[in-house]
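The values are calculated or read from the model by the stated rules, or taken from the named source; none is laboratory data. This one's a predicted model, so the numbers in the text were calculated from it and none came from an experiment. With ideal geometry, Cβ positions are generated from the backbone for all residues, glycine too; neighbour counts draw on all protein chains shown.
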Amino acid sequence: MPPFSSFQDEIYLHGLLTGEAPPFGTDPAGLEDAARERMSPEAYGYVAGGAGTGATMRANRAAFGRRALVPRMLRDVGVRDLSCTLFGTRLPAPLLLAPVGVMSIVHPDAEPAAARAAAGLGLPTVLSTASSTTLEEVAEASGDGPRWFQLYWPKDRDVTVSLLQRARAAGYTALVVTLDTWLLGWRPRDLDRAHLPFLRRIGIANYLSDPAFLAGLAKPVEEDPLAAVAHWAGMFADPTKTWEDLAFLREHWDGPIVLKGVLHPDDARRARDAGMDGVVVSNHGGRQVDGAVAALDALPAVAGAVGEEITVLFDSGVRTGSDILKALALGARAVLVGRPYVHGLALGGEAGVRHVLRCLLAEFDLSLALTGHTGPTGLDPGLLAPPLPG
Ligand SMILES: Cc1cc2nc3c(=O)[nH]c(=O)nc-3n(C[C@H](O)[C@H](O)[C@H](O)COP(=O)(O)O)c2cc1C
């Protein structure tokens with residue numbers, strides 16, 4: 001397989017032969033601007049919005065900006081291997097698609113298009129419970145591609161078990177349990193438009209197709225859609241959950257379990273002690289707690305606490321290949337990309353997502369090589385200059 005960096009040669013060569021620029025831009029900020037033009041104001045607000053003043057989103061990016069790579073020279077980086085192994089599965093690169101719900105608001109092809117793009121590159125899709133298409137449809141779209149299921153852990157035990165069984169049956173191998181969204185964060189962009197997709201029955205396909213969920217309705221969904229939405233709202237999440245409850249998930253899921261939204265090393269230790277297989281250091285892209293710690297700033301302590309024992313993954317603020325490199329240097333085994341691939345989806349469906357992923361992979365490959373490395377293993381904080389203040 002040609003190196004991921006060859007995407008660059010492909011772009012230049014195609015330009016030389018045809019005079020054409022690539023169909024989508026390669027700069028993440030430019031891609032977001034272009035995607036914004038293609039989305040309704042409500043959809044863009046939902047994707048771009050953060051909690052409160054947006055301080056956490058800004059902090060996520062600032063934390064990357066405060067850290068600088070220190071390239072090393074003359075180290076033979078001619079042949080590179082970007083692959084990594086997560087839970088026994090070999091992946092071509094340490095990159096996954098973060099769970100993002102309600103994608104049909106940005107493009108009609110929604111989650112299946114993103115899953116096809118990921119599968120085409122061999123990267124795992126982490127499918128959201130709040131997907132606008134059912135987990136079975138997305139599994140079909142991803143074919144042989146690796147796939148994980150993200151659980152918004154419902155209050156209702158029967159629905160929880162049913163979702164887990166369906167995910168297992170559809171070939172999802174790892175379970176990602178999101179811990180930071182028992183309640184929805186305060187999001188002014190959505191509040192000011194009184195816009196919450198779920199109440200319009202977007203992003204609840206996995207519930208509306210679930211036998212255990214449907215068993216709790218007095219009438220079929222079409223006869224009383226409001227009652228179905230109310231039933232969903234009543235069970236979406238349970239803020240009374242504690243560490244002890246994780247035993248229930250262990251009992252009903254026999255594959256790896258990863259807790260998403262861990263920012264404190266003590267919580268990472270508790271995850272390990274509860275028999276969990278990994279954590280995602282994440283603040284949900286700044287969508288939940290305004291003024292929360294930047295995920296990248298939380299990463300070194302979490303990796304230091306449990307990185308030798310369980311798998312530490314990372315998301316929140318990854319926009320470039322260099323960002324991936326920085327997160328790996330600070331202790332992540334792999335990173336999840338969120339908003340950038342949603343921008344790709346908005347711009348061009350599957351092709352747009354594929355483009356964004358190829359850009360990230362190419363830039364990651366080039367950044368690795370240009371800093372004197374041949375792969376993701378063995379990267380350490382020595383790759384970075386001491387962080388700049390503030
Ligand atoms: C529009 C949108 C929807 C999201 N939906 C989910 C979700 O359903 N489940 C989940 O665990 N995280 C969800 N997330 C959070 C992402 O998984 C990830 O943590 C976040 O996008 C990382 O931040 P970044 O996109 O700024 O890099 C969502 C994020 C966005 C932007």
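Considering only residues in the stretch 353-379 that are assigned to a loop (DSSP other than H, G, I, E, B) and touching a residue at least 12 places away in the same chain (Cβ under 8 Å), the one that is surrounded by the fewest Cβ atoms within 10 Å (Cβ to Cβ) turns out to be T377. In the stretch 297-321, the qualifying residues are those that are among the small types (G, A, S) and touching a strand residue (DSSP E or B) at 6+ places or on another chain (Cβ under 6 Å), and the one that is nearest to the ligand (Cβ to nearest atom) is A298.
Q165 meets all of the listed conditions (1) in a strand (DSSP E or B); (2) surrounded by fewer than 17 Cβ atoms within 10 Å (Cβ to Cβ) but one, namely (1).
Evaluating S316 against the criteria (1) touching a Ser or Thr at 6+ places or on another chain (Cβ under 8 Å); (2) closer than 28 Å to S162 by Cα; (3) in a loop (DSSP other than H, G, I, E, B) leaves one unmet condition, (2). Give just the number: which of (1) within 24 Å of L135 (Cα to Cα); (2) surrounded by 23 or more Cβ atoms within 10 Å (Cβ to Cβ) does Q288 not satisfy? Every listed condition holds for Q288 apart from (1).
A quick yes/no check of all residues on (1) in contact with an Asp or Glu (Cβ under 8 Å, 6 or more places away or on another chain); (2) among the small types (G, A, S):
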| site | (1), (2) |
| --- | --- |
| G49 | yes, yes |
| T56 | yes, no |
| A63 | yes, yes |
| P71 | no, no |
| D76 | no, no |
| G88 | no, yes |
| D109 | yes, no |
| G122 | no, yes |
| V126 | no, no |
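Residues of the stretch 16-31 that are over 20 Å from the mean Cα position of the chain (by Cα) and outside any loop (DSSP other than H, G, I, E, B): L16, L17, T18, G30. The strands (runs of 3 or more DSSP E) located wholly in the stretch 86-157 that include 1 or more residues which are surrounded by fewer than 20 Cβ atoms within 10 Å (Cβ to Cβ), away from the ligand (no atom under 12 Å from the Cβ) and not polar (S, T, N, Q) occupy 89-91. List pairs: first in the stretch 16-36 and at pLDDT 95 or above, second part of a helix (DSSP H, G or I) and β-branched (V, I, T), Cβ under 6 Å, 6+ apart or cross-chain? Hits for this filter: P22/I11.
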